[in-house]
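Heads up, the thing below is written out as C-alpha cells.
The values are calculated or read from the model by the stated rules, or taken from the named source; none is laboratory data. Remember, it's a predicted structure, so these values are computed and weren't measured experimentally. All Cβ positions, even for glycine, are placed from backbone atoms using ideal geometry, and neighbour counts span all protein chains on display. The protein model used for the area step is the full one, side chains on, heavy atoms only, and it has no ligands, DNA or RNA in it. Shrake-Rupley method; radii C 1.70, N 1.55, O 1.52, S 1.80 Å.
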Amino acid sequence: MAKGKGKVTKPPRGSQRRPGKTSENSELDDYAPEPFFYDEEEKILALLVFLGSAALYICTMYPGLPGGDSGELMATAKDFGVSHPPGYPLFTTMAAIMINLFPIGTCAWKLNLMSSTIAGVTNMMMFINVKRFSGSDAAGVLAAGWCGFSRVFWMWSIQGEVFSLSNLFIMVIMYAAWRFANAEGKNGKFYEAKLGALICGLSLTNQHTSVLYIAPTALWVLFTLYNHDLADTYSLFQVGLRGLAGLSPYLQLPISSIFFKARVSWGDHRLFSDFKKHLLREDFGTFRLVSSSEQSTLLDNFMVYFNDSKTELTIAVWILFVVAMLIALTLGSSKQREVMLIYMAMFGTYHLVFDSLANIKNPSGIFHGVLERFWLQPSLALCCVAGCGVGMIIQFLKEKAQCPALKYLFLSLAVVAVGYQIQHNYEDCHENDNYFFWHFSRHILDQLPKRSILLTSGDFSTNTFRYHTIGEEYRTDVMVMDMQFMQAYWFYIMLMPVNFPDVSFPGLYKPGKESKYPFYNLKTFLDKNFDRYPIYMCVEVPKQEDSIEGYYEAWPFGMCKVFVRVSDNPDPLEHITSMPWINLEKYPLPDPDRYEPQTWEYTMAMSMLESYSKPSTWLWNKANTFQDQALKKKYYETAMNMMVENRKHVFDMVDKGLVTKNIVYYISPLEKNLGHLSLIMYSITKKEDPEMAAYWTAECKRYWTNYVEWHRDTILSKDSMWNTINSIIKMEDFSGLQLVA
C-alpha cells in the first residue's frame, strides 16, 4: 500500500483467496471484480436495449451484398485469407467461423447478421457506460438509442463491415476505464489493468484508430499504477503480457500465408517485411485514409466533423457534451472527475491526431463517406459523455423532487425520444430489399463468355466480383484480376498459382509505354493472352497506360469494355448493335434521390446511368474521326437512334414505377447530347434536305429546353456549353449558325 493512502479496502463479501498462492502482494489475490450487471433491473434493461437494437438492425439489414469493402472482407474470410491493410485479423477470424459454421444463409447474409448483432451489443455497452457514470437508466437508454439509430451508425451497423466491431471495442475500452477508476486498492487496480490491456490489444487487431483511445488511457493507467506501487518490472510485465495476448489474432496473417491457399489475399506474410508493411499500412500511409499527397488541416477536418455531427446527432448533443464536462469537473465525485478527464482525453486525442493526418481535402461524394466511417469512433465518446450529462441532470432533479415516479417518467421520455430517432432515420436506413450490388455484379458476370479475363481496379467493382466468384462460387470460370494486385510481387507467388495457372504474366505489371523485363505493360499482357481468352475491363484504362494505342482498343460492352485488336479491323457498328445492354427491368438501379452522394448506392446509380449512354457517345466520337461524310452521317444517325431508344427505355421504366420520375434529372447528359447531335444533323442536312434540317432544329430545341428545365435549380453557367445552349433555344432562324460537324 502506498504511504499516506489510508486503510486498504476490504475485499467484497464472498471473495476468496486462490488456494496455494502466496506472494509478497498476497492482497492481489483477494479482489472480486464488480459484477457486469449491478442488479436484476439493470440486467433486464440492458438486455432489452441489446435485443431491441439487434432486432431492428436485423430487420433492416442488407439481405445480400453491400457496397464498399464488404465484398472483399467476405471473400477473404471464406478462404481465411488476409484483408486489405492492416488485415483485420480478428474480424476475418470471426467472419470465417460465421461463414463456415453458421448453417443458413449466404456469406453476405451471415456477415450482415454478425455485424447487426455486434451493433446491438455496442448499444448495450453504451447504456451500461452511461448508467455506471450517472446512475440514470433513462440517460443510458437515450444515449444508446440516439447514437445507435442515427443515420451513419445505423447504416454501418447493418452490413458486413469492420466498423460494428470497432465501435464495440471503443465502448468496451470506455467501460474498462470506468472499472479501472473505480477499482479499490492494489489488487483492484492490478486486475483491471491486466483486463484492460487484453481488451486494448484485441481492439488493435480490428482497427488501428482505436490506438487514439488507448494511448491516453495507457498513460493514465501507468501513472495510477505508479501511485499504487505497481510500476515494478514484474507488474508491468504482467500487464504487458496481457496486451501481447490481445494482439495474438495477428498470427492469422502468417498462418494464412503458410497453410491456406486463399483465392483473394493481400501480401506474403511468410516474410516479416511484408507483415510489417501490411500492419503499418505503408502502401497507404499509416493513419492516412488514401494513398494521396493531398493534405487538409486539422481545423478543416474538425469543422467538417462538427457540421456533420450537428446534422446527424443535433447541436443538443454538443451542448450536453459541454454541460456534462462542466458538471462532472465541478460538482462530480472524484471518480467522476477522473473518468470524465480520461473520456475528454480520448475524444481530444482522436481528433488531434486523426484530423491532422486524414488526407482527404474538401471531401465530397464517396470520399465524404470514407470520412464518415471514421467519425463513428469520436461520435461514440461524444454521445456517451452527452448521455452522462443528461444522467447527472436527471439525478439532480430526482434528488430535489424526492419523487420515485420521476424515474419512470424520464425513462418513458427517453423511449419516446429514441422512437423519434428511429422514425426519423428509418426511411434512409432500411435496406432489407437492397439487392443492388448483387444485381450489379450478376448482370456483368452473366454477359461474359466462358473463361473470360475481367480486369478491374478499385473497391466498387472489384469487391462485388470477388464476392460472387468466391463467396457464392458463381461464374468461377471468369478470372477476375485486380490491376492493383498485378503490380505487387506477391500476386505472382500467392494468387497466380491458385487462380490463374494458365494465364501468361510476363513479369511484374507496370503501366506505361515501355515494357522491359522484369516489367510488362497492358499491351504485353494482351499480346500474350488475347488469342487465348476474351479479355474485358470493368474500369477505365489507366491514364498512364498508352502502350495499347494503335494496337488495341477498349470498346463498350454493357457496363464494361472489351478489348479488340486494331489489326483485325473490327466493325464498330456491328459491335455496338450486337452488344448486351443494361436491363433495368431485371437489374434495377438505386434511386439517386434516396441515397446521399457519399453512399455506394449513389455511386453505383451514377455509374449505371453513365454506362447507359456511353456506347452511343462512343459511336459519336468514332464518327468524328472519319473523313467520309456519308459514313460519318451513318454513324451519327446510329448514335442518335441509340440515344433515343435509351431515353425511351428510361421513361418506360418511369411509367412502370421501376424508377422515380426524378431519374430524368440524372439522365440529363443524355438530353444534352441529343441536342448536340440534333444540331450536328441539322448542319449535315441543311443544304440537301431543308425539311429534315427544320426537323433537327426543332429536336435540338426540344432536348436542350428539357435539359435547361431539369437543371433550373442548379448553376448551369458551370457548363462550358451553357452559353451556346442558352442562345440556341431562343433562336428562330438557324441559317446563320456556323457549326463544324
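Using Stokes-Einstein with the Kirkwood hydrodynamic radius over Cα pairs, what translational diffusion coefficient do you get for segment 337-401 at 10 °C and a viscosity of 1.306 mPa s, in µm²/s rounded to a whole number? Roughly 114 µm²/s, to the nearest whole number. In the chain, the DSSP-assigned H stretches of four residues or longer account for a calculated mean residue ellipticity at 222 nm of -19000 deg cm²/dmol, using -39500 (n - 2.57) per stretch and the full residue count as denominator. Packing order of peptides 607-613, 231-237, highest average first: 607-613, 231-237 (average count of other Cβ atoms within 10 Å over each peptide's residues). The mean accessible area for residues of segment 304-415, using a 1.4 Å probe and ignoring ligands and nucleic acids, is 43 Å² per residue. How long are the three semi-axes of the equivalent ellipsoid for segment 407-462, computed from the Cα gyration tensor as the root of 5 times each eigenvalue, in whole Å, largest first? Working from the Cα gyration tensor, I get semi-axes of 47, 11, 7 Å.
The protection proxy used here, the mean number of other Cβ atoms lying within 10 Å of each residue, ranks peptides 647-654, 556-563, 261-268 as follows, highest first: 261-268, 556-563, 647-654. Per q in 0.10, 0.13 Å⁻¹, report the Debye log10 I(q)/I(0) for segment 199-320, using one uniform scatterer on each alpha carbon and no solvent. Result of the Debye calculation: -0.54, -0.84.
For the chain, the carbon plus sulfur part of the accessible surface works out to 59%, probe radius 1.4 Å. The candidate values are (i) 28.5; (ii) 30.1; (iii) 29.3; the one derived from this structure for Kirkwood radius over Cα pairs in Å carries the label (iii). Once the chain from residue 477 to residue 504 is taken as fully extended at 0.36 nm per residue, the excess over their C-alpha distance is 8.1 nm.
In the chain, the DSSP beta bridges split such that about 45 percent are antiparallel, to the nearest 5.
For residue 88, what charge total do you get from the other residues with a beta carbon under 11 Å from its beta carbon, if Lys and Arg give +1 and Asp and Glu give -1? That works out to -3. Of the trypsin sites (Lys or Arg not before Pro) in segment 455-520, the ones in a loop by DSSP (not H, G, I, E or B) with at most 12 other beta carbons within 10 Å are 513, 516.
Panel note: the C-alpha atoms of segment 557-660, placed on their principal axes, show extents of 46, 27, 22 Å (largest first).
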